[in-house]
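Visitor: Could you have a look at this structure, given as structure tokens, before my questions?
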Amino acid sequence: MSVDLSSALQMVKARLNRLQSDTSLDEYLTVRIEAAAAELEGTGIHLTDSADDLMLVVDYAVEQYQSRDKPGGLPDWLRLRRRERWVREGVRAE
């Protein structure tokens, strides 16, 4: 994984409206970010240090955090975004 965990954590906290100084969930959120990145890489996406990949991991981690107790899968916008990123991965390989 080449996504900057520190930047991802700051962005996840911002998306969740948590103060940067509140470190009570940092360990949990960091693991959630790592799990999101691993799940994306498990689908064949090789994450880079680009802003696009950083935002994909952040959005993925935030969605998983916010919907952890809700039934159903990913929202369409995120599912399609993941698919588009996967398709770009295949284009780069060729």
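Visitor: Against the definition (surrounded by 15 or more Cβ atoms within 10 Å (Cβ to Cβ), over 14 Å from ASP4 (Cα atoms) and without any contact (Cβ under 8 Å) to a residue 40 or more places away in the chain), how does GLU84 come out, yes or no?
Guide: Spelling it out, it is not the case that GLU84 is surrounded by 15 or more Cβ atoms within 10 Å (Cβ to Cβ), over 14 Å from ASP4 (Cα atoms) and without any contact (Cβ under 8 Å) to a residue 40 or more places away in the chain.
Visitor: While we're here: Could you look through the range 42-59, keep only residues that are surrounded by 15 or more Cβ atoms within 10 Å (Cβ to Cβ) and either out of contact with any helix residue (DSSP H, G or I) (no Cβ under 8 Å at 6 or more places or on another chain) or acidic (Asp, Glu) (or both), and pick out the one that is farthest from LEU9 (Cα to Cα)?
Guide: Ranking the candidates gives ASP53 first.
Visitor: Quick check on THR30: is it more than 14 Å from the chain's Cα centre (by Cα), among the β-branched types (Val, Ile, Thr) and either part of a helix (DSSP H, G or I) or modelled with pLDDT under 95 (or both)?
Guide: No, not satisfied.
Visitor: Another question about this same structure. Of the conditions (1) touching a residue at least 12 places away in the same chain (Cβ under 8 Å); (2) at positive phi; (3) small (Gly, Ala, Ser), SER7 satisfies every one except a single condition; which number is it?
Guide: (2)
Visitor: Moving on. Can you pull out the residues in the range 60-76 that are assigned to a helix (DSSP H, G or I) and either surrounded by 14 or more Cβ atoms within 10 Å (Cβ to Cβ) or modelled with pLDDT of 95 or more (or both)?
Guide: Correct list: TYR60, ALA61, VAL62, GLU63, GLN64, TYR65.
Visitor: Run down GLU27, GLU41 and say which single residue is touching a residue at least 12 places away in the same chain (Cβ under 8 Å) and among the charged types (D, E, K, R).
Guide: None of the others qualify; the one that does is GLU41.
The values are calculated or read from the model by the stated rules, or taken from the named source; none is laboratory data. Bear in mind the structure is a predicted one, so any value in this text is a computation, not a measurement. Positions of Cβ are generated from backbone atoms using ideal geometry, with glycine treated the same way; all protein chains shown enter the neighbour counts.
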